[in-house]
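Undergrad: Submitted below is the structure of interest, expressed as structure tokens.
The values are calculated or read from the model by the stated rules, or taken from the named source; none is laboratory data. Remember, it's a predicted structure, so these values are computed and weren't measured experimentally. Because the Cβ atoms are built from the backbone with ideal geometry, glycine has one as well, and the counts that use them run over all protein chains shown. Just the protein is used for accessible areas: all its heavy atoms, side chains included, with ligands, DNA and RNA removed. Shrake-Rupley method; radii C 1.70, N 1.55, O 1.52, S 1.80 Å.
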Amino acid sequence: MVAQNVAFWVLAVVMVAAAIGVVRSRNVVHAALYLVVVLAGVAAQFILLAAEFVAWVQVLIYIGAVVILFLFGIMLTRAPMGSDTPLDNDQRLPAALAALALGVLLVAAVVDAFRGVEIDIAGRSGPTPTSEIARSIFRTFVVPFELVSVLLLAALIGAIVLARRD
Amino acid sequence: MSLAVEVPWGLILALKTLVVLAVIPLGALILGYVFLLKMMSHMQSRLGPMDPGGYHGWFQLIGDGIKFLQKEDVMPDGADRRVFAMAPLVVVMSTFLVFAVIPAGPRLVVAELDVGIFYALAVSSLSVVGILMAGWASANKFALLGGLRAAGQLIAYELPLILGVVGVVIQAGTLDLQGIVLAQRDGEIFGWGGIGNPFILTQIVGFALFLVAAQAELTQTPFDMPVAESELVSGYMVEYTGFRFLFFFIGEFGTAFAFAALASTLFLGGWAIPGVDGTAADVLGPVVLLIKVMAVSFLIFWVRFTYPRLREDQLQAMAWKVLIPIALANIVVTGVLKVAF
């Protein structure tokens, strides 16, 4: 378990540094590129937790699609070179309070939900098989899964209705 | 059969890394030499690449390499230096990562992942980040336009690429590329197992979708708007010279090699030879795979050198209105047949 712990802390330090880069950067494109590092770090943490499938979903969806759309949007509307565009607004205190509240809430929720539960990584021969994930999504949790897909479909149709002009 | 000596895992890791690091530039050079220099020269009556070195212009590729290495490393004045320098590395890294899961024999695979093909498609999508970085950091409007076109195109064609593969995954019942190869080797065509059951027979629609989408992902003609040399003077690559340009070149041809290897593995049976097993398959597997890779690459480059460029709106319409509906129908039909039989 020592190797996992060392890897966790190395990744965590890189992720926090990159996350600070996201909010401190004075250039929107740089901020989006720092976000790639943070999201790649999340994928790496999933691999440490033996959740291989989730890790590559993270890469495909968040880096391969979401960040690309961010960059696409930024470059299509304005593509600032250099760092003279002011990105800050005077809301440091509310932002810090909101971040603190969110952090406390998430930590409390996760600690409460998994109190005493230990994932037996050492006892496994490898990462969680994809078939196991498929079984839990399409058998155990099939109703929530279908609900989420209907929600996404509604959002998709809504976006098209908002975007078309005729 | 196991090796007689115990090899420490660090050495195995180093060896695997070395193999991947060697295979990609080699694959890129083979494709560049055979198809770009020789086949295109024959098809388009180009005399230049047939001349250097005497016999059949064998020296052309080496000469090109020397030329790239001695060129000045130019960086535009207004460029974002760090992003500009990192962009080609991101593109090449994404190519290298794809190769880790492609099996070349029963035991010849760098990393046998349970999520195999899904991993390959996920990491191949990372190259868009590098292309957008290159387009933006060059501080050049042609480069930026090329980067934007590339992003729009690669996102649009990623869907048919992934959806085209789903049929194969349903049929094989696994995402693992090694498992997909074995499913084809052990398959039977109406009870006859002479050549196994290559999925190109049952998934011909998926194969066509995969090849068309791969052509677009590789930004090869007829989908080469991002680099269109006659309107965008080669798009996001326009400011790159010397070895940085060489990186993009290796990325482009290395990815072509990778996609051809994926298509061979998914649809043509991969390394498997019916009736050959064990060590013999480990020795012959890579040869068989290479032959199939060259056949698929031939198709890719044949199309590239034959067709004119599509228009931007035709390109998007093709992906969203033609390929994706066909891919979805293919998935439904495959699923129904899988349950029925």
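Undergrad: Just to be sure before I move on: is B:A104 more than 10 Å from chain A (Cβ to nearest Cβ), among the small types (G, A, S), closer than 26 Å to B:I170 by Cβ and within 16 Å of the chain's Cα centre (by Cα) in the structure I sent? Spell out how you get there, then give the answer.
TA: Working: more than 10 Å from chain A (Cβ to nearest Cβ): yes; among the small types (G, A, S): yes; closer than 26 Å to B:I170 by Cβ: yes; within 16 Å of the chain's Cα centre (by Cα): yes.
Considered against the rule, which asks whether it is more than 10 Å from chain A (Cβ to nearest Cβ), among the small types (G, A, S), closer than 26 Å to B:I170 by Cβ and within 16 Å of the chain's Cα centre (by Cα), B:A104 comes out as yes.
Undergrad: Of all helices (runs of 4 or more DSSP H) completely enclosed by the range B:1-75, which ones contain at least 3 residues that are within 28 Å of the chain's Cα centre (by Cα) and over 27 Å from B:V238 (Cβ atoms)?
TA: Working: elements: B:9-31, B:40-44, B:60-70.
Per the criteria, B:9-31.
Undergrad: From the list B:A104, B:A120, B:A79, exactly one residue is among the hydrophobic types (A, V, I, L, M, F, W, C), within 30 Å of B:I12 (Cβ to Cβ), crowded, with 18+ Cβ neighbours inside 10 Å and modelled with pLDDT under 85. Which is it? Break it down into steps so the answer makes sense when it comes.
TA: Working: B:A120 fails: modelled with pLDDT under 85; B:A79 fails: within 30 Å of B:I12 (Cβ to Cβ).
Exactly one of B:A104, B:A120, B:A79 is among the hydrophobic types (A, V, I, L, M, F, W, C), within 30 Å of B:I12 (Cβ to Cβ), crowded, with 18+ Cβ neighbours inside 10 Å and modelled with pLDDT under 85, namely B:A104.
Undergrad: Can you tell me which of B:L18, B:L37, B:L31 is open to solvent by 90 Å² or more (accessible area, probe 1.4 Å) and not aromatic (F, W, Y)?
TA: Values: B:L37 fails: open to solvent by 90 Å² or more (accessible area, probe 1.4 Å); B:L31 fails: open to solvent by 90 Å² or more (accessible area, probe 1.4 Å).
When all the criteria are applied, what remains is B:L18.
Undergrad: What number of residues within the range B:211-244 satisfy the criterion of being on the phi < 0 side of the Ramachandran plot and touching a Pro at 6+ places or on another chain (Cβ under 8 Å)?
TA: So in the range B:211-244, the residues on the phi < 0 side of the Ramachandran plot come out as B:211-218, B:220-232, B:236-241, B:243-244.
Right, trim to touching a Pro at 6+ places or on another chain (Cβ under 8 Å) and you get B:212-213, B:215, B:221-222, B:232, B:236, B:239-240, B:244.
Counting residues in the range B:211-244 that are on the phi < 0 side of the Ramachandran plot and touching a Pro at 6+ places or on another chain (Cβ under 8 Å) gives 10.
Undergrad: Is there any pair linking a residue in the range B:73-86 that is facing chain A (nearest Cβ under 10 Å) to one that is of a type in the set (D, E, K, R) and outside any helix (DSSP H, G or I), with Cβ under 9 Å and at least six apart or on different chains, and which?
TA: Going by the 9 Å Cβ cut-off, the qualifying pairs are B:A79/B:E239.
Undergrad: Looking for something among the aliphatic types (A, V, I, L, M) and under 16 Å from B:F210 (Cβ atoms) - is there at least one such residue anywhere in the range B:282-290?
TA: no
Undergrad: In addition: Any residue in the range B:242-260 that is more than 12 Å from B:V90 (Cα to Cα) sitting within a Cβ distance under 9 Å of a residue that is among the small types (G, A, S) and open to solvent by 40 Å² or more (accessible area, probe 1.4 Å)? List the pairs, counting only those 6 or more apart or interchain.
TA: So the pair list comes out as B:A260/B:A295.
Undergrad: While we're looking at this one, here's another question. In the range B:84-101, what residues are open to solvent by less than 10 Å² (accessible area, probe 1.4 Å) and either closer than 22 Å to B:L13 by Cβ or at pLDDT below 85 (or both)?
TA: B:S94, B:T95, B:V98, B:V101
Undergrad: Filter the range B:252-293 down to the residues that are open to solvent by less than 30 Å² (accessible area, probe 1.4 Å), farther than 13 Å from B:I102 by Cβ and at pLDDT 85 or above and list them by number.
TA: Hits for the range B:252-293 are B:F253, B:A256, B:F267.
Undergrad: Something else now. Looking at (1) over 30 Å from B:S234 (Cβ atoms); (2) at the interface with chain A (Cβ under 8 Å from one of its Cβ atoms), can you tell me which one B:G116 breaks?
TA: (2)
Undergrad: Restricting to the range B:134-146, name every residue that is on the phi < 0 side of the Ramachandran plot and facing another protein chain (nearest Cβ under 7 Å).
TA: Hits for the range B:134-146 are B:W136, B:L144.
Undergrad: So for the range B:293-305 (the condition being out of contact with any Asp or Glu (no Cβ under 9 Å at 6 or more places or on another chain) and either among the hydroxyl-bearing types (S, T, Y) or not in a helix (DSSP H, G or I) (or both)), does at least one residue qualify?
TA: Yes, because at least one residue in the range B:293-305 is out of contact with any Asp or Glu (no Cβ under 9 Å at 6 or more places or on another chain) and either among the hydroxyl-bearing types (S, T, Y) or not in a helix (DSSP H, G or I) (or both).
Undergrad: Are there any pairs, at least 6 apart or on different chains, whose C-beta atoms fall under 7 Å, with the first in the range B:276-290 and closer than 15 Å to B:V181 by Cβ and the second among the small types (G, A, S) and assigned to a helix (DSSP H, G or I), and if so, which?
TA: From residues that are closer than 15 Å to B:V181 by Cβ, the pairs are B:L289/B:A261; B:L289/B:S264.
Undergrad: With A:V37, A:V28, A:V67, A:V22 as the choices, which residue is buried (at least 18 other Cβ atoms within 10 Å of the Cβ), under 15 Å from the mean Cα position of the chain (by Cα) and not polar (S, T, N, Q)? If you could, list the steps in order and put the result at the bottom.
TA: Details: A:V37 fails: buried (at least 18 other Cβ atoms within 10 Å of the Cβ); A:V28 fails: under 15 Å from the mean Cα position of the chain (by Cα); A:V22 fails: buried (at least 18 other Cβ atoms within 10 Å of the Cβ).
Just one listed residue meets the conditions, A:V67.
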